[in-house]
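The values are calculated or read from the model by the stated rules, or taken from the named source; none is laboratory data. What you see is a predicted model; the values in this text were computed from it and never measured. Methodologically, a virtual Cβ is constructed for each residue, glycine included, from the backbone with ideal geometry; neighbour enumeration extends over all protein chains shown. The area values use the complete protein model at the heavy-atom level, side chains included, leaving out ligands, DNA and RNA. Shrake-Rupley method; radii C 1.70, N 1.55, O 1.52, S 1.80 Å.
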Amino acid sequence: GESVGLHLPTLSVQEGDNSIINCAYSNSASDYFIWYKQESGKGPQFIIDIRSNMDKRQGQRVTVLLNKTVKHLSLQIAATQPGDSAVYFCAENIPGNQFYFGTGTSLTVIP
Amino acid sequence: DTAVSQTPKYLVTQMGNDKSIKCEQNLGHDTMYWYKQDSKKFLKIMFSYNNKELIINETVPNRFSPKSPDKAHLNLHINSLELGDSAVYFCASSQRHGDHEQYFGPGTRLTVT
């Protein structure tokens, strides 16, 4: 399943499928991009970050892809599990400033 | 072992009242933050403190006043509460200011009636 980030705030995928959550950012000066996961009733939790001079970074079952040309990044979750159901936020870090969260995307995993 | 804790978890109060939310972190971090999350899940930073000193103060009404008695605590006091203050408030901490990995508390759901 795939979301179109800010324009499609919900995404439903079947358990075991791969998920792709998209995010558009606005500031070309941003030097880092960060993904957070927020489960229902809890605070956000850091997943992974990527520096602006990279185009890909992998973590455990997650991959971040960054396309600076179109100011777009995505979070790919492999073999999505029910525990992955949450709201996912991307954030951009502007040098000398605090990082700012984007609009979240709600991921629902269907067993 | 709770890393970042907030009290209370729920707070219901009437317009015009003054209330405080407390936050404590036991991670030994230097920096603490307050965020506001509205009903659409939009998460916005309000303040950050580094070693008890105010670093970031976003455009927040001066009815909101953070206080950091020590590095492990950052409390948020709100005067003259308004309906629009209803939201979930999250405290967070990080090892150093600017770190991307922040540890969030469970949130305080504030409802102003």
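Assuming a ≥ b ≥ c are the square roots of the Cα gyration tensor eigenvalues, decide whether the protein assembly as shown counts as rounded (a/c under 1.5), prolate (otherwise, with a/b larger than b/c) or oblate. Numbers along the way, then the final one.
On the way: a/c = 1.88, a/b = 1.52, b/c = 1.24.
In terms of gyration-tensor shape, prolate.
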The local net charge around A:Ile110, scoring Lys/Arg +1 and Asp/Glu -1 for residues other than A:Ile110 whose Cβ lies under 13 Å from its Cβ, equals -3
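Let a ≥ b ≥ c be the square roots of the eigenvalues of the Cα gyration tensor of chain A; is it rounded (a/c under 1.5), or, if not, prolate (a/b larger than b/c) or oblate?
Working: a/c = 1.83, a/b = 1.61, b/c = 1.14.
Prolate shape, in that a/c is at least 1.5 and a/b is the bigger ratio.
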Across B:Met15, B:Met32, B:Met46, the residue with the highest GNM fluctuation in chain B (Cα network, 10 Å cutoff) is B:Met15
In chain B, taking the dipole from +1 charges on Lys and Arg beta carbons and -1 charges on Asp and Glu beta carbons about the Cα centre, the listed residue (B:Gly16, B:His73, B:Ile55) farthest towards the positive end is B:Gly16
Listed pairs B:Lys9/B:Lys41; B:Lys19/B:Lys40; A:Lys56/B:Lys71; A:Lys56/B:Lys40 exceeding 25 Å between Cα atoms | A:Lys56/B:Lys71; A:Lys56/B:Lys40
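Exactly which chymotrypsin sites (Phe, Trp or Tyr not before Pro) in segment B:7-70 are in a DSSP loop and have at most 15 other Cβ atoms within 10 Å?
Working: sites: B:Tyr10, B:Tyr33, B:Trp34, B:Tyr35, B:Phe42, B:Phe47, B:Tyr49, B:Phe64; in loops: B:Phe42.
Answer in residue order: B:Phe42.
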Check cross-link reach from B:Lys67 to the aspartates and glutamates: straight Cα distance under 14 Å, and skip same-chain residues fewer than eight apart.
-> B:Glu24, B:Glu53
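How high is the relative contact order of chain A, in percent, counting Cα pairs under 8 Å that sit 6 or more residues apart?
Details: 279 pairs, mean separation 39.2, N = 111.
Relative contact order comes out at 35 percent.
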More than 18 angstrom apart: percent of Cα pairs within chain B | 44
Candidate aspartates and glutamates for bridging to A:Lys68, where Cα separation is under 13 Å - those fewer than 8 sequence places away on the same chain excluded | A:Asp31, A:Asp55, A:Glu92
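Between A and B, buried accessible area summed over both sides at probe 1.4 Å, in Å² to the nearest 100? Don't skip to the end; give the middle numbers.
Details: alone 6120 and 6400 Å², together 11020 Å².
Chains A and B together bury approximately 1500 Å².
Assigning unit charges at the beta carbon (Lys, Arg +1; Asp, Glu -1) and nothing else, what dipole magnitude in debye, to the nearest 20, does chain A show about its Cα centre? Kindly include the intermediate steps, with their values, before the conclusion.
Details: 8 positive and 9 negative charges, 47 e Å.
Dipole about the Cα centre, nearest 20: 220 debye.
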Note down the relative contact order for chain B as a percent, whole number, built from C-alpha pairs under 8 angstrom at least six residues apart.
-> 37
